[in-house]
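I have placed the structure first, in the form of structure tokens, so that the comments after it can refer back to it.
Taken together, the values in this text are just the output of simple stated rules run on the coordinates, not laboratory data. Computed from a predicted structure; not experimentally measured. Note that each Cβ is placed from the backbone with ideal geometry, even for glycine, and that neighbours are counted across all protein chains shown.
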Amino acid sequence: MYNLIQEVVNSEAKVALRQLLSALRASDKRYFLRNEILQAFANYCSQFQKPTHFYHSSALGKLIHYTHELILEDESIWLLLRPWVGSQQVWQLAANLSHGEPRAPQALLEVTPTPSELLPTPNLEVDFGPFYESSPSISDPKTLVKV
């Protein structure tokens, strides 16, 4: 993965990655999963009329296909890469894409938003009432276990 990251960061693919990240930042989200990343990359390729091989076999295309999670911060970009089944690597790229470095998975957990931050509503309400109005109510919970 180090060679792939360096190839993207030290080539003209950096411009394409910068444009893709700016399109993701425009959505006002900071946490993206694999399907959202792939869809954004497909939209980028069609918008900028990139050839088909760019999507599948370019260095940036390979990096995007290995990326399962992407977190955008002001000063860095976090990537969770899964190049093959059963493996994962966490990379932190500088915001200006000048360099990247591998990080421990625990470092990614510190910046990953919690599920409550991802929900559109801050409160989750659970209704434990009966589903039907004519449902029987249990007045004595001890009678459930008696046979």
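For the range 1-85, the Stokes-Einstein estimate of translational diffusion at 37 °C and a viscosity of 0.692 mPa s comes to 253 µm²/s, using the Kirkwood hydrodynamic radius over alpha-carbon pairs.
With +1 on the Cβ of every Lys and Arg and -1 on the Cβ of every Asp and Glu, and nothing else charged, how large is the dipole of the chain about its Cα centre, in debye rounded to the nearest 20? List each step's numbers first, then the result.
Details: 12 positive and 15 negative charges, 108 e Å.
Computed charge dipole of the chain: roughly 520 debye.
Here Rg/Rh (Cα atoms, Kirkwood Rh) was calculated from the structure, and among (i) 0.96; (ii) 1.00; (iii) 1.24 it sits at label (iii). Total lysine pairs in the chain at Cα distances under 25 Å, for residues eight or more apart or on different chains: 5.
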